[in-house]
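Below is one structure; the comments refer to it alone.
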Amino acid sequence: MPDRSGIPEETADELYDDAPVGYLTLAADGTILRGNRTLAGWLGLPDMTELLGRKLQQILTPGSRIFYETHCAPILRVEPALRQIALDLRRRDGSRLPGLVEWRRIDGPGGALLGHRFMVVDATDRRAYERELLAERERARASAEALARLNAELEARVEARTAELVQLRKMESLGQLTGGVAHDFNNLLTPIVACLDILQRRAALDARNAALVAGAAEAAERARLLVSRLLTFARRQHLEARPVDLAGLVAGLGDLVARAVGPMVDLAIEAEPGLPPARVDPNQLEMALLNLCVNARDAMSGAGPLSIRLDAVEAEAVPGAHLAPGRYLRLRVRDAGIGMAPEILSRAAEPFFTTKAPGRGTGLGLSMAEGLARQSGGALAIDSAPGQGTTVSVLLPEAEAAPAPLPVPPPEPPRPGPARTVLLVDDDALVRAGVADMLRDLGHAVAEAASGAAALDLLDGAAPDLLVTDFAMPGLDGRALVAAARQRHPRLPALLITGFAHLAASELGDLPRLAKPFSQVQLAQAVERAVASVPAAADD
Amino acid sequence: MDLLRRNNVKVLGRGTRPLVFAHGFGCDLNAWRDVIPSFEDDHRVVLFDHVGSGGSDLSAYVSGKYASYDGYVDDVLEVLDALDLTEVAFVGHSAAANMGLLAAIRQPERFSSLVLVAPSPCFIDDGDYRGGFTREDIEGLLEVLDSNFLGWSRAMAPTIMGNDDRPELGDTLSASFCRTDPDIAREFARVVFLSDHRADVPRCRTRSLVLQTQQDMIAPVEVGHFMHRHLPDSELVLMTATGHCPHMSAPSETSEAIRRFLDR
Ligand SMILES: Nc1ncnc2c1ncn2[C@@H]1O[C@H](COP(=O)(O)OP(=O)(O)OP(=O)(O)O)[C@@H](O)[C@H]1O
């Protein structure tokens, strides 16, 4: 009934036909019985007549038709309703209308399924958002995965780093321990070597005693070598690093290696031509290479191919070695031996780690080689697997300057220098006595002092020709003593005796020095060097 | 692993002749609800869900295994073996019709007969063969699956079915619908609608019944004829029922057709 405005009330047909949703009434098998104008319009039809008698499936896209038949139709058979289903309708022109669909069941008498009321809203916008949302979620999932991967990688890296650090600390403390022990041994060896030296030179020994002394001297020499290997590992060895032509060094080493490894080992040496020199102590390097070759021989039970190859690589080419950027000379010693299992490989370069029978290996070969490489600014890399043989690479930094020719070893018999007055200072009575004996044996007159302070007292008097002092002493150390002595006698020559040969030149000043233990010959030469290096006169 | 739990196997009936029902894509074992009563008296009725559907153990779904029918066929044979069934009459709807076909080729001795309800060995048109769909159509299906199982509707799941007032509906088709895992649905859809087993049809020697309805918009009547032509020992029944799920829309016509075939 019209109200006062004269506008008639909505009719039910009007509400049905012009509703903002599409309506259909469907038979149980999906046949379209009735529909509204809104839906006809959406589908691009003037009205519903064209659709009557056709099936719902026929106004769906093929994909939606499958979904309807497989997922919706079965449920519609047994459930009273189905809501919020995404289905695409197909317009007359073939385009797609994304819809959101609901069905409500119409029961006949006795509860039999008569058909459905079908309702659809235009879900174009919603579906577009949904697509974006899904794409966004996919992106989020992908980045979450990438993040998880990254995290796992980071964790692995941190773990590896931590393990490395632990190993480093262990080596560090082992190094300190070893260095300390080696230093004490050096102190003990000094008088032993000195005494034996003097005995051999001076005492009139019968053949049997001479043999005994020679045996003792040989043992002392072996002990000295051992200590020096310990010091190398502890990186406290005094390295005479200089530019070295490695190709020449390796070629020169060939004979020695061949002899050391025996005739059954097939030795091949290859060097890339035209390589720059490396910066390293050549004597130490020879010793290290020899050791590696002996390891190789042992791994091959004395027979098989052994190669030493020399080339140059950039630091990045050896990622595990933590080298500073730049070019490195690489010496590779490769054998076809038994190789190492991972648990051996990880410990092989530890000092005292050996798998050899007691008395057969010291376990210092690889640690010494590594110590040398590291102290020279390079690295040692071992590549090995059981049954695959082993390659040990020694990486050494390229030297800037041209290599000096290998030095000619100094002539053995000391030219007896002129007799001099020497003030000898050492807090260790044993060492002091030994060195004093050696000096006296060389013809010098020796005054002894047990500390820097005692020495300065003596220096208040007349100046000796030379001050020979231990470096490491309680109270005044060797360098301070020399400085104090030179306040009294500015041109006083001085010689520092050091156990810790690693001390940098800056710590010792440019004073002449002699590393413990030393032979009488070395002492004689050092004395002459020291006297010759008297500082230029300042005031007289 | 407990196979019976994995495939949600149910054994009913008072008879001994084994009759196994396998549901198609989008359904679960509830689809057979109105068909089984007429077989319970004289059959051992076995119902189960494919892994990934209905009440199966979703954790048993491994993508690689179920990327082709083979994984599903393995499961069918394992279930039959676990129940120690021989002389099996196997009723498979749509996708499961293919599973029955392939299982019978693999172990012919285990099956006495196959009932293939609305089968199709290949849904994609190919030359003269009319499967009913193109690959693009299947892409459209995958999109619709996503919209329903990944999108907004998914968030609305409890209200979708309109049975929020019937919480006791724990084990129903609509409950399965709500549980559908979108990734599984996608992969199953690819297996069902993109694989082509036409070459396998003639290799099945088991006695078979093809049940073809009127106006099946998924497996057209030509496909029913194709099946009948290529299955060596088959009968074709053109039903008066319409649509792709005669066992639901016309359960008595369906069970009568099955019974006539089995009793012969
Ligand atoms: N070339 C190699 N092949 C297989 N294993 C090796 C090789 N080099 C070293 N190793 C293993 O690493 C361990 C440690 O070697 P390292 O050179 O440090 O000491 P060593 O050889 O045992 O003792 P020494 O150096 O006194 O001969 C060896 O005992 C061996 O197990």
query: Sequence-distant or interchain residues sharing an amide H contact under 5 Å with B:Met217, placed H: which?
result: B:Gly243, B:His244
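Please give the calculated 222 nm ellipticity per residue for chain B, where each DSSP H segment of at least 4 residues contributes -39500 (n - 2.57) and the sum is spread over every residue; nearest 500 deg cm²/dmol? Write out the running numbers ahead of the final one.
Numbers: 11 runs with 100 residues, N = 264.
Calculated at 222 nm, the ellipticity per residue is -10500 deg cm²/dmol.
Please label the shape of chain B as rounded, prolate or oblate, based on the square roots a ≥ b ≥ c of the eigenvalues of the alpha-carbon gyration tensor (a/c under 1.5 means rounded; beyond that, a/b larger than b/c means prolate, else oblate). Don't skip to the answer; put the middle values down first.
Numbers: a/c = 1.42, a/b = 1.15, b/c = 1.24.
Cα axes put chain B in the rounded bin.
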Modelled FRET efficiency - R0 22 Å, A:Ala251 with A:Asn283, Cβ distances, 0.05 increments: 0.85
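With r as the distance between the Cβ atoms of A:Glu314 and B:Asp181 and R0 = 56 Å, compute the FRET efficiency 1/(1 + (r/R0)^6) and round to 0.05. Don't skip to the end; give the middle numbers.
Numbers: r = 52 Å, r/R0 = 0.93.
It comes out at approximately 0.60.
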field: Farthest toward positive dipole pole in chain B [+1 Lys/Arg, -1 Asp/Glu at C-beta], among B:Pro18, B:Phe177, B:Ser63
entry: B:Pro18
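Classify the protein assembly as shown: rounded, prolate or oblate, from the alpha-carbon gyration tensor (a ≥ b ≥ c, eigenvalue square roots; a/c under 1.5 rounded; otherwise prolate if a/b is larger than b/c)?
Taking the square roots of the gyration eigenvalues as a ≥ b ≥ c, the protein assembly as shown is prolate.
Nearest-5 percent of antiparallel DSSP beta bridges in the range B:3-263? Mind showing how you got there, number by number?
Working: 4 of 32 bridges.
Of the beta bridges lying entirely in the range B:3-263, close to 10 percent run antiparallel.
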message: For a protection proxy built on the mean count of beta-carbon atoms within 10 angstrom, sort A:71-78, B:76-83, A:520-527 highest first, please.
response: A:71-78, A:520-527, B:76-83
- request: Subtract the Cα-Cα distance of A:Lys170 and A:Asn209 from 0.36 nm times their separation in residues, and report this length gain in nm to one decimal.
  value: 9.5 nm
message: From Cα pairs below 8 angstrom and at least 6 apart in sequence, can you work out the relative contact order of chain A, rounded to a whole percent?
response: 10 percent
message: Using the Karplus curve 6.51 cos²θ - 1.76 cosθ + 1.60 with θ = phi - 60°, what ³J(HN,Hα) values do you get for each residue of the range B:104-112, in whole Hz, with x for Gly and Pro?
response: 5, 5, 6, 10, x, 5, 7, 10, 8
message: From the phi angles alone, apply the Karplus equation (6.51, -1.76, 1.60; θ = phi - 60°) to the range A:16-33 and give each ³J(HN,Hα) in whole Hz, x where the residue is Gly or Pro.
response: 5, 6, 9, 4, x, 10, x, 10, 9, 10, 10, 6, 4, 8, x, 5, 7, 9
message: Suppose each label sits 7 Å from its Cα in the direction of the beta carbon; what would the B:Arg190-A:Leu134 distance come out to in nanometres?
response: 1.5 nm
- prompt: Which residues in the range A:432-449 have a backbone N closer than 12 Å to a point placed 7 Å from the Cα of A:Arg488 along the Cα-to-Cβ line?
  reply: A:449
- request: Name the long-range amide H neighbours of A:Lys55: under 5 Å, sequence gap of 5 or more, or other chain; modelled H, no Pro or chain starts.
  value: A:Ile32
message: Explain nothing, just compute: Karplus ³J(HN,Hα) = 6.51 cos²θ - 1.76 cosθ + 1.60, θ = phi - 60°, for every residue of the range B:178-185 in order, whole Hz, x for Gly and Pro.
response: 5, 7, 3, 8, x, 5, 5, 4
message: I need to check one value: relative contact order of the range B:3-263, counting alpha carbon pairs closer than 8 Å and at least 6 residues apart, in percent.
response: 21 percent
- request: Starting from the Cα of B:Lys65, draw a straight line to each of the lysines and keep only those under 25 Å, dropping any in the same chain fewer than 8 residues away.
  value: B:Lys10
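Report the charge-dipole magnitude of chain B in Debye, nearest 20, computed about the Cα centre from +1 at each Lys and Arg Cβ and -1 at each Asp and Glu Cβ.
On the way: 25 positive and 40 negative charges, 109 e Å.
Computed about the Cα centre, the dipole is about 520 debye.
Give the average, rounded to an integer, of partner chain Cβ atoms located within 10 angstrom of each Cβ in B:135-144. Numbers along the way, then the final one.
Working: counts 0, 3, 6, 3, 2, 10, 8, 2, 11, 14.
Partner-chain Cβ atoms within 10 Å, mean over residues of B:135-144: 6.
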message: If packing is taken as the average count of other Cβ atoms within 10 Å, what order do B:14-26, A:136-148, A:377-389 fall into, highest mean first?
response: B:14-26, A:377-389, A:136-148
- request: Within 10 Å of each Cβ in peptide B:182-192, how many partner chain Cβ atoms are there on average? Round it to a whole number, please.
  value: 1
field: Prolate/oblate/rounded call for the range A:276-319, Cα gyration tensor, a/c under 1.5 rounded
entry: oblate
message: With just the Cα atoms defining each centre, how far is the range A:1-64 from the range B:244-262? Give it in Å.
response: 35 Å
query: Roughly what angle does helix A:478-488 make with the longest principal axis of chain A, taking Cα atoms, 0 to 90 degrees, to the nearest 10?
result: 50 degrees
query: What is the spin-label model distance, in nm, from A:Asp47 to A:Ala152 if the labels are put 7 Å beyond Cα along the C-beta direction?
result: 6.6 nm
query: Over all residues in A:52-64, what is the mean tally of Cβ atoms on other chains that come within 10 Å of each residue's Cβ?
result: 4
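Based on the mean of other Cβ atoms within 10 Å per residue, sort peptides A:44-50, A:98-104, A:489-495 so the most packed one is first. Could you put the intermediate results ahead of the total?
Numbers: A:44-50: 13.4, A:98-104: 21.1, A:489-495: 19.6.
So the peptides A:44-50, A:98-104, A:489-495, ranked by packing, come out A:98-104, A:489-495, A:44-50.
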- prompt: What residues have an amide H closer than 5 Å to that of B:Arg17, excluding those fewer than 5 places away on the same chain, when H is modeled at 1.01 Å from N in the peptide plane?
  reply: B:Arg44
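Read-outs throughout are calculated quantities, based only on the coordinates presented, and are distinct from any laboratory measurement. Note that the structure is a prediction, hence the values are computed from the model and not measured. In this analysis, Cβ positions are derived from the backbone assuming ideal geometry, glycine residues included, and neighbour counts consider all displayed protein chains.
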